[in-house]
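Working notes, structure below.
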Amino acid sequence: MSNVKPLTPKQEDRRRRILSAARKMVADHGYDGMVMSEVAESAGVSPTTLYNLYNTKDELLLEALRDLLVDSYQQLDQQVPPERGWQYLHRVVQNGAELRISEPAYGEAIVNALLRSVPGDALTELLLETVRQDFHFSLQKMAQRGELLPNVDIDHLAIMMLGNYWSTFLLMSKGIEKLARIKRSLEINMLSVLVSVTHSDVRVEIEQLLAEIRVREEAVIDD
């Protein structure tokens, strides 16, 4: 049993104010422009209180990001049935794109921080390892239902999908991919991988969805 006490409504409100202020400051000024004393002032708490809760700027940024991702996954769980499968994986990348679009400057700061991170640190674990595990779990469920082709290497497939996912954000941060295209690109990348490793009805469903997305993309280009 956990010994961690739940936050009171007042404490939860304070936490939310702090994390919101931190995200806004990173979005407005970048990681280097986030100043702890200014976060405290914006959130309406004392610097002492802030440092009692978060020892360093990295710790605060990580908690702000974790809070954002938890909210995102909670919304995802409400939108998609609990049976993990290709529809869940599709919604994960849609959710990631929507989150990136809704907070572009903050998303840019996070991608830049991830590029500077090292193996095993908290940011790498949160954004890479956690997502890889989520992909792997969904692929396992698909394999158990016989939706994947025989002898598919699930470990390798999860890593490849993770690479496709984050490389799209990286390309956008370098100006090669466009924010307006990010959702379609993520969807097409994910579904193109899945269609190559699935069969029967599942493959047909994914092929149909891919065709619909590409038709929508062509319509946007024509406009």
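Quick rundown of the values:
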read-out: Residue, surrounded by the fewest Cβ atoms within 10 Å (Cβ to Cβ), within the stretch 124-134, restricted to residues that are within 12 Å of the chain's Cα centre (by Cα) and not β-branched (Val, Ile, Thr); value: Glu129
read-out: Elements of type helices (runs of 4 or more DSSP H) contained in the stretch 15-90, each with 2 or more residues being of a type in the set (D, E, K, R); value: 36-43, 57-79
read-out: Subset of the stretch 130-185 (residues that are in a loop (DSSP other than H, G, I, E, B) and within 17 Å of Val93 (Cα to Cα)); value: Glu177, Lys178
read-out: Test result for Glu63, in contact with a helix residue (DSSP H, G or I) (Cβ under 9 Å, 6 or more places away or on another chain), outside the structural domain of Gln208 (by TED's automatic domain parsing) and within 17 Å of Tyr31 (Cα to Cα); value: yes
read-out: Selected residue (only one of Ser42, Ser37, Ser2 is at pLDDT 90 or above, more than 24 Å from the chain's Cα centre (by Cα) and surrounded by fewer than 14 Cβ atoms within 10 Å (Cβ to Cβ)); value: Ser37
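The values are calculated or read from the model by the stated rules, or taken from the named source; none is laboratory data. Quick caveat, the model's predicted, so the values are computed rather than measured. Ideal geometry is used to build each Cβ from the backbone, glycine not excepted, and the neighbour counts take in all protein chains shown.
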